[in-house]
Each structure stands twice: as structure tokens, then as C-alpha cells.
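Read through the structure below, which is laid out as C-alpha cells, and then see the notes.
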Amino acid sequence: MLERNVLWKLWGVSLLWGFNYVASAYLLRDFSPIFLSFARLVVMSLFLISVAVINKSIRRPTSREWGLLLFAGIFGTLFNQLFYFTGLQHSTAGNAALIIALSPIATLLLSRLFLKEEVTWIKISGSVVALVGVVCIVLYGGKTLGISKGDVYLLLAMLGMSISLLFIRKLTNGMTSYEVTIYSTVIGTILMSPAVAVEAFQGHLHASHHMLTWLLLISVAVIGQGLAGFWWNQGIAVVGPSTSAMFMNIPPFIAIIVSFFLLGDPIRAAQVGGGVLILAGVMIANMKRRRQPREIGAGIS
């Protein structure tokens, strides 16, 4: 019964994350990108801190962990959020969801490069298929043929997220993912303060004066990010990371469909084709290699 409830929650996470891309694109109509990112992070940080204080379930990191958390916050929160909202301002919710979906592949390649983790031919094949999908979206998924500025920013956002996962992987050897999320989010929020000040100094900062828009922002931060994050962690703990990862294939297509009906964004053939290639590549890269009886002199694929 618990597993069934968790699976329903993972479906909920997929829907929430799919709607999140569309809601973020909608909010950019009334907020400047840096301020919107900062405001959402402040709300999410307050929510996470409140939960931690109520449950009394967080410990003080060691000096080494503080260093890793700093880099996780810089790449996973500061760079990721800045590039994400700036890119979304010049692209579409569908493209954003599909490009961010490449993160597992990018993390795989970065893990091989920096952590020396084994990469099989199956994983390499999946990476190539996914990269072809990204090329289709970046070159053919916009209004005109070519690389858009927004998609480049979104690729940088995805890369920032992937780099942060390397630090998070090391941090979770001694900390819970819950603790890592709280500390890295708060650190990234603090580090974003100067960027907001620069945006205000340049006269580019603007925010909505409508209460309903602010309520949408708060809902996206608390429900779409905070609550969905808790459900996601529970899913990994109960049904495992491989089953949970399958649900990551759903948000991009939710974003494309919802943005078509709510924002009027067109559904382009390159988005559908590129999205299928990305998701197929992620699935191929996560396929379990069949274990063969070891033979004398057999190599490692």
C-alpha cells in the first residue's frame, strides 16, 4: 500500500514539475528574471527552514561539508537559477523542460571526467542519442533556424545543475539529501542577493503588483519545489532511484502541452522529435547491463 501511495506521489511530482516550467514562463511576464529567481528562492528557503525547525531534523555541517555545500549552492542554485530564468525569458517552457531533461546524461559524463566513474558502451550510446535530441531542439525548435540565446542560457542552467550533483553526491555520504537541499538552497539564495542589487541598480528590476501573481509565485516555490522535493526523496527511498528516474521523462511533455493551451506556445516537430530522443537516450543510459559469466581474459565494456 505504501509503495502504491508513493507511486501516486511520483506522478504528482511529474505533473507539478511540468506545470512549474509553464508557471515560471507566465510569471516572467510580470517579474524581471533575476528578481523572480531570488523571490522564489527566498520563499522556498523559508519553507525548508520552517520544516527543519519544526521537525528538529538538521545538523551542523563539518568544515569540509561547508566547502562542498558552497559549491553546490553556487552551481545548483545561483548559476542554475540565474541562467534558467534568463534563458526562459528568451525561449519556451517546452524547450526549457526538454533541455533540463538532459541533466542525467551531463551528470553521467561529468562523473566519468571528474569522479572517474565507469561508463559503459550502453551509457555512451544513450548519451549520443540524447545529445542528438538536444541539437534538434536548439537548432530547429525555435521560431527561426539556428541557436537562440535563450536555449544557450538553458544549456548553461542544465550544466550548472549537473555540476552541483557531483558535489551533492559527495555530501550525501555523510548528510541526508534533505539537509543538503536546505543548506545549498539557503547558501545559493544569499549568494544571489548581489545579482538582485545589480539588476535594481541598472533599473531592470520589476515585480508584479497583483496579489494573485504573488500567490502563484509562492505556490510554485512551496508546492512545486518544496513539497514535490519531499515526495521525490520519499520515492527514491521507497521504490529506488531507477524507478523514480522514469518519472523524470514525463515533465517535458506536460510542459509542452500545458504551455500550448495556456501560453499559446506552438508545438514544433523538432521539440517532439528532440524530446523523444533525449528521453530515449536517458532510458538507454540507465539500462542495466546483463551480467555475463566471467571468462578468463574477458575485458570490461
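A few points about this structure:
- Which of Glu65, Glu3 has the fewest Cβ neighbours within 10 Å, and the rest in rising order: Glu3, Glu65
- Simple spin-label estimate for Phe114 and Thr176 gives 2.6 nm between the two label positions (7 Å along the Cα-to-Cβ direction from each Cα).
- Total charge dipole magnitude, region 70-227, about the Cα centre, Cβ charges on Lys, Arg, Asp, Glu only, Debye to nearest 20: 240
- One chain, two ends: Leu262 and Ile54. Fully extended at 0.36 nm per residue, the span grows by 71.1 nm beyond their Cα-Cα distance.
- The calculated 222 nm mean residue ellipticity attributable to helices in the chain amounts to -23500 deg cm²/dmol, summing -39500 (n - 2.57) over DSSP H runs of n ≥ 4 and dividing by all residues.
- Each Lys and Arg adds +1 at its Cβ and each Asp and Glu adds -1 at its Cβ; summed about the Cα centre, region 2-285 shows a dipole of about 340 debye.
- Taken about its Cα centre, region 109-184 carries a charge dipole of roughly 120 debye when the Cβ of each Lys and Arg holds +1 and the Cβ of each Asp and Glu holds -1.
- The chain, relative contact order [Cα under 8 Å, separation at least 6], %: 40
- Order of Phe19, Phe38, Phe260 - criterion: other Cβ atoms within 10 Å of each residue's Cβ, fewest first: Phe260, Phe19, Phe38
- Spin-label proximity, Trp11 to region 245-275 - amide N less than 19 Å from point 7 Å beyond Cα toward beta carbon: 245-255, 257-258
- Here log10 I(q)/I(0) by the Debye sum over Cα atoms at q = 0.07, 0.09, 0.10, 0.15 Å⁻¹ was computed from the coordinates, and among (1) -0.35, -0.54, -0.63, -1.16; (2) -0.27, -0.45, -0.56, -1.29; (3) -0.45, -0.68, -0.79, -1.19 the match is (2).
- Remark on His206: its backbone amide H falls under 5 Å from those of Ser32, a criterion applied only to residues 5 or more positions apart or on other chains, H modelled at 1.01 Å from N.
No value in this document is a laboratory result; all are computed from the given coordinates. The structure displayed is predicted, hence computed values, not measured ones. Counting neighbours? That spans all protein chains shown, and the Cβs are built from the backbone with ideal geometry, glycine included.
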